[in-house]
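To keep things clear, I will list the structure first and then write my remarks on it.
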Amino acid sequence: MSELRTLYHGTSATFGRFSLDFAVRPDMHGNGALGVWLGVDKTLAARFGDRCLVVEAGFERVYPMPIDELALLARDFGRLAGDMPDDEAAVAERAYYRAHRERLLAQGFDAIDVVEVSGETHMMIALDPEKLSIQGRLLYHVTPEANLYSISKQGLLPATGPRSADLGEQEPAVYCFPNREAVEDALGNWLGDRFDEDEPLAILELQVPVGSEAPAELPGAAFEVVVAERVPPEAVKAIYNEDWTTRFWPTAAPVPKHRCEIEIDTDDIEGRLSGFVVDAEHRDIEQYLEPRLGGEDCPDHEAVGELLRQRGGRVALLKSIRVIEDARGEGWGAWLMEQFIEQATAAGATDWLLVCDEEELQQPGFDLSAWYERYGFQTAFATDGDVGLLMAKGEGLVEALRQLHAEFECEQLAGYSLAPAM
């Protein structure tokens, strides 16, 4: 009966499944040809490449190989190779270890435990790559401590934040680091300079599917890894302080439970944004929604308010965003929106609402709803008269609002069918 184990594999290669092609590394001793080397500890595995893969292994029978036996294999081959030229020796060495691998497989073993002198096992070798399944890749994301509560509710959303322009991050995404070394290098240099000295930070260890990330070159840094999709809370496998001590999700938002006003102006009055964050049960939400959802074509403010109360948490509401005509197209709207997202997140927002006014005059070719979508908002339903769109973001919020609208339409149809004929 196979025993499932979670192991780690460090590599600089990109692949979706294991084979012996990825077992031998150019900078590794020929015993790499024994099979796929795996770390019991992720920190050790990460030393062997800039990608640390999380691997599920189902081994039937494991051969315990003392480290001295592994060294003996190397000495035996050294005697066999003699004065063989280097290129010939490299080919012969791989063949030598592959032959040893085949002998172990013939005896019914499908993995090796490399047993240290202390009796501990830090590395394993999979003799049969088919027994390995890649579960994801480990990445690391740095965020202010104040964001943890919101992330615990809605995950990490693709976005560009207030530091994005300085760092060359132009597309909405979750920006990560491939390993701990890259985190420490960034915090000790370019990234650390972007945060206030007294602002506590948290480091999130993420497990993301292989293929959801793409490398991005950044000025002033070796590189980051870009994840284009939302990273759900369950993908956060560990949370660390800056000294790599372990911490946990906060159990409450790091702000008092009251209304938090958000008013943002550009330096030269090119634009202005107004919004606020409140607890889901606060009556200000319905006051915000009433003039925007009035009429007979969509659920009213009370129905949406009740839905939000049932969800709990805190709600961010965008009242207005304006950029003067002469400054449009220069990125001021994006800057205002990024500031709003950061400040609302710091205030504990878990759900977000805005009404997109499609009748508002825009520059030719500018799609306002598509612009909001860049920041994670999706259309829930059209407001009265199809003039505006109620847009939202938050874990499951859009789906819940669409279901509310569908139920409203069914009730309307039922009401029409029951009306007496004139």
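Remark: pairs (first residue in segment 180-200, under 11 Å from V142 (Cβ atoms); second residue modelled with pLDDT under 85 and assigned to a helix (DSSP H, G or I); Cβ separation under 8 Å; 6+ apart in sequence or on different chains) = A186/G192; L191/L167; R194/D166; R194/L167.
So for segment 286-304 (the condition being over 18 Å from A380 (Cβ atoms) and under 25 Å from the mean Cα position of the chain (by Cα)), does at least one residue qualify? Scanning segment 286-304, I find no residue that is over 18 Å from A380 (Cβ atoms) and under 25 Å from the mean Cα position of the chain (by Cα), so the answer is no. Checking the structure you have, find out if any residue of segment 58-74 is modelled with pLDDT under 90 and part of a strand (DSSP E or B). No. A residue that is surrounded by fewer than 15 Cβ atoms within 10 Å (Cβ to Cβ), in the same structural domain as G10 (by TED's automatic domain parsing) and assigned to a helix (DSSP H, G or I) occurs somewhere in segment 105-127.
Taking the criterion of being of a type outside the set (S, T, N, Q) and modelled with pLDDT of 90 or more, would at least one residue in segment 409-416 satisfy it? No - not one qualifying residue is present in segment 409-416. Here R101 passes the criteria (1) over 39 Å from the mean Cα position of the chain (by Cα); (2) in a helix (DSSP H, G or I) except the one numbered (1).
Is it the case that some residue within segment 34-45 is of a type in the set (A, V, I, L, M) and without any contact (Cβ under 8 Å) to a residue 24 or more places away in the chain? Within segment 34-45, not a single residue is of a type in the set (A, V, I, L, M) and without any contact (Cβ under 8 Å) to a residue 24 or more places away in the chain. Scanning segment 226-247 for residues that are of a type in the set (D, E, K, R), within 18 Å of the chain's Cα centre (by Cα) and part of a loop (DSSP other than H, G, I, E, B) gives E229, R230. Residues in segment 5-22 that are modelled with pLDDT under 90 and under 11 Å from L132 (Cβ atoms): R17, F18, S19, F22. A single member of F340, F366 is at pLDDT 90 or above, closer than 27 Å to E229 by Cβ and either among the aromatic types (F, W, Y) or not assigned by TED's automatic domain parsing to the domain that holds Q403 (or both), and it is F340. For segment 178-213, the set of residues classified as in contact with a helix residue (DSSP H, G or I) (Cβ under 6 Å, 6 or more places away or on another chain), closer than 25 Å to L44 by Cβ and part of a loop (DSSP other than H, G, I, E, B) consists of N179 only. Of the residues V210, V236, V231, the single one that is at pLDDT 80 or above, more than 21 Å from Y149 (Cβ to Cβ) and not acidic (D, E) is V210.
Considering segment 46-57, the residues that are modelled with pLDDT of 90 or more and buried (at least 21 other Cβ atoms within 10 Å of the Cβ) include one that is farthest from the chain's Cα centre (by Cα), namely A57.
Of all residues in segment 85-93, one or more are buried (at least 17 other Cβ atoms within 10 Å of the Cβ) and either in contact (Cβ under 8 Å) with a residue 60 or more places away in the chain or in contact with a Ser or Thr (Cβ under 8 Å, 6 or more places away or on another chain) (or both). When each of E205, E270 is tested for being touching a strand residue (DSSP E or B) at 6+ places or on another chain (Cβ under 8 Å), farther than 26 Å from N189 by Cα and either in the same structural domain as V142 (by TED's automatic domain parsing) or at pLDDT below 90 (or both), the lone residue that passes is E270. If only residues of segment 26-42 that are over 21 Å from E130 (Cβ atoms) and modelled with pLDDT of 90 or more are counted, the one that is surrounded by the fewest Cβ atoms within 10 Å (Cβ to Cβ) is D41. Residue count for segment 349-363 under the criterion of being modelled with pLDDT under 85 and part of a loop (DSSP other than H, G, I, E, B): the result is 6.
The values are calculated or read from the model by the stated rules, or taken from the named source; none is laboratory data. All values reported here derive from a predicted model rather than from experimental measurement. A quick note on method: Cβ atoms are made from the backbone with ideal geometry, for glycine too, and the neighbour counts reach across all protein chains shown.
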